[in-house]
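Reviewing the structure listed below.
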Amino acid sequence: MIRAYRTPIVLGVIALIVIVLFGLIGSEGDSTFRISTSGDFFTVPDFVLPSRGTALVLGIVLLAIAAASALLVRRGGRVRAWVLAVFGVLAVFATLSWAIAGGTLPMTQLLQGSLALAVPLVFGALGGVLSERVGVVNIAIEGQLLAGAFSSAVVASLTGNLYAGLLAAAVAGALVSLVLAVFAITYIVDQVIVGVVLNVLVVGLTSFLHSAVLDSASNSPGRLPQIEIPLLAQIPLLGPLLFEQTLIIYLMFIAVAIVTFALFRTRWGLRLRAVGEHPQAADTVGINVARTRFMGVTLGGALAGLGGAFFTLGSVGAFSQEMTAGQGYIALAALIFGRWNPILATLAALLFGFARNLASVLGIVGSPVPSQFLLMLPYVVTLIAVAGLAGKVRGPAAAGTPYIKG
């Protein structure tokens with residue numbers, strides 16, 4: 001039997017890096033983690049920890065986890081997702097204790113920024129889950145995000161209604177995915193090629209319209225206001241993170257719950273997954289494969305379009321050329337790392353959002369980490385997660401394979 005030692009090896013390398021670079025030769029001084037803000041119900045004292053000592057202890061714990069993982073693989077087992085999650089949290093904490101030695105890190109701002117940066121990734125990953133679970137590979141997430149961003153800005157500007165912009169974003173994402181579905185399902189064109197072409201098409205079209213058509217009147221939608229849930233918003237750390245957000249972030253929480261429940265707890269979800277795993281068997285029991293695939297791909301595109309609206313209505317307040325900046329491909333990586341599961345894909349998207357925001361926060365607090373490495377950090381984390389920790393993953397069996405009835 002061939003045993004996959006890739007994950008334990010990657011864990012071991014990370015543990016040794018933490019021990020040597022952060023623990024043995026790291027910077028002296030105390031690291032302060034600030035939990036509370038001035039608006040909280042009660043104050044949680046700052047956590048003050050010795051930088052090198054904390055990194056060294058956590059590095060030893062990480063090395064023990066890596067050794068246990070190797071032993072588990074040797075016995076024919078597989079490293080569980082929760083083990084990777086625990087390892088990741090400890091590794092991040094060790095890195096932070098080294099990076100902010102002698103300084104203070106406001107945890108509330110770090111996590112709030114991470115959640116905001118993860119919103120388009122979560123919507124994109126959820127859209128990809130629906131599309132690929134039904135058997136259509138969705139490389140066009142980038143185009144769906146960008147179409148949603150453009151449409152939301154234009155419609156919200158012209159109507160003066162931000163919520164009309166949200167609806168327009170969902171429609172735009174659905175239309176892009178509908179084109180994907182027509183070519184991939186009806187005309188049996190290679191799904192990867194169609195996705196890449198759609199991405200290029202949407203980038204070119206939105207860039208042209210931005211330059212030739214948009215002006216201040218049609219590209220000034222404003223931003224969605226924050227909705228504060230009384231009492232809950234004053235809970236330290238969790239309050240500002242979960243209960244003091246814009247509508248689109250609350251919609252993200254709801255979308256994750258609905259997609260998860262619909263996929264695994266309803267007859268509709270069972271049919272959707274059946275079409276993605278074995279379309280011929282699904283057809284035999286009376287499921288319309290083409291219609292089910294069209295439905296899954298279109299709904300997925302609508303979700304991705306909502307994610308695109310966050311760039312304009314939730315963050316910047318205007319549309320700019322290629323403002324999605326490849327986030328659709330990061331969402332695709334989150335989808336793969338999350339093993340086509342809505343919850344796991346969401347956690348992966350949050351991880352990548354955290355990596356992006358961490359690079360910004362460390363630069364602000366004056367971390368000794370070189371700025372060039374901070375710029376690479378989100379993509380390094382993505383590569384490690386997908387290539388090093390995901391292990392051997394298998395998507396839906398019929399994903400990418402056209403179904404010809406009869």
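Criterion applied to Thr104, Thr108, Thr186, Thr95 was being more than 28 Å from Pro240 (Cβ to Cβ) and either of a type in the set (Val, Ile, Thr) or assigned by TED's automatic domain parsing to the domain that holds Arg339 (or both), and the one residue passing it is Thr186. Within region 81-98, the set of residues being touching a residue at least 60 places away in the same chain (Cβ under 8 Å), under 23 Å from Leu24 (Cβ atoms) and surrounded by fewer than 18 Cβ atoms within 10 Å (Cβ to Cβ) comprises just one member, Val92. When Leu162, Leu178, Leu158 are screened for being in the same structural domain as Leu303 (by TED's automatic domain parsing) and closer than 15 Å to Leu306 by Cβ, only Leu162 passes. Within region 9-45, restricting attention to residues that are among the aromatic types (Phe, Trp, Tyr) and not in a helix (DSSP H, G or I), the residue that is surrounded by the most Cβ atoms within 10 Å (Cβ to Cβ) is Phe33. Selection within region 46-57: residues that are closer than 16 Å to Leu105 by Cβ and out of contact with any Gly (no Cβ under 7 Å at 6 or more places or on another chain). The member of this set that is surrounded by the fewest Cβ atoms within 10 Å (Cβ to Cβ) is Val48. Number of residues in region 46-99 that are assigned to a helix (DSSP H, G or I), closer than 21 Å to Arg34 by Cβ and more than 22 Å from the chain's Cα centre (by Cα): the value is 10. Scanning region 62-80 for residues that are out of contact with any helix residue (DSSP H, G or I) (no Cβ under 6 Å at 6 or more places or on another chain), of a type in the set (A, V, I, L, M, F, W, C) and either within 22 Å of Gly23 (Cα to Cα) or surrounded by fewer than 16 Cβ atoms within 10 Å (Cβ to Cβ) (or both) gives Ala64, Ala67, Ala68, Leu71.
The residues on offer are Thr266, Thr206, Thr246, Thr260, and the sole one that is closer than 25 Å to Gly127 by Cβ, more than 21 Å from the chain's Cα centre (by Cα) and surrounded by 17 or more Cβ atoms within 10 Å (Cβ to Cβ) is Thr206.
The condition of being closer than 23 Å to Ala349 by Cβ, out of contact with any helix residue (DSSP H, G or I) (no Cβ under 6 Å at 6 or more places or on another chain) and either in the same structural domain as Val129 (by TED's automatic domain parsing) or acidic (Asp, Glu) (or both) holds for only one of Arg291, Arg265, that being Arg265. Val297 fulfils the conditions (1) closer than 30 Å to His210 by Cβ; (2) under 15 Å from the mean Cα position of the chain (by Cα) except for a single criterion, (2). Tallying residues that are outside any loop (DSSP other than H, G, I, E, B) and either within 15 Å of Ala147 (Cβ to Cβ) or not charged (D, E, K, R) (or both) within region 204-232 yields 12. Residues being out of contact with any helix residue (DSSP H, G or I) (no Cβ under 8 Å at 6 or more places or on another chain), within 30 Å of Ala290 (Cβ to Cβ) and either at pLDDT 95 or above or not acidic (Asp, Glu) (or both) are entirely absent from region 150-165.
Among the residues making up region 154-203, those that are among the aromatic types (Phe, Trp, Tyr) and either surrounded by 15 or more Cβ atoms within 10 Å (Cβ to Cβ) or outside any helix (DSSP H, G or I) (or both) are Phe183, Tyr187. Picking from residues in region 236-265 that are assigned to a loop (DSSP other than H, G, I, E, B) and among the hydrophobic types (A, V, I, L, M, F, W, C), the one that is nearest to Glu132 (Cα to Cα) is Phe243.
The values are calculated or read from the model by the stated rules, or taken from the named source; none is laboratory data. This structure is a prediction, so every number in the text was calculated from the model and none was measured. Using ideal geometry, Cβ is built from the backbone for each residue, glycine included, and neighbour counts are taken over all protein chains shown.
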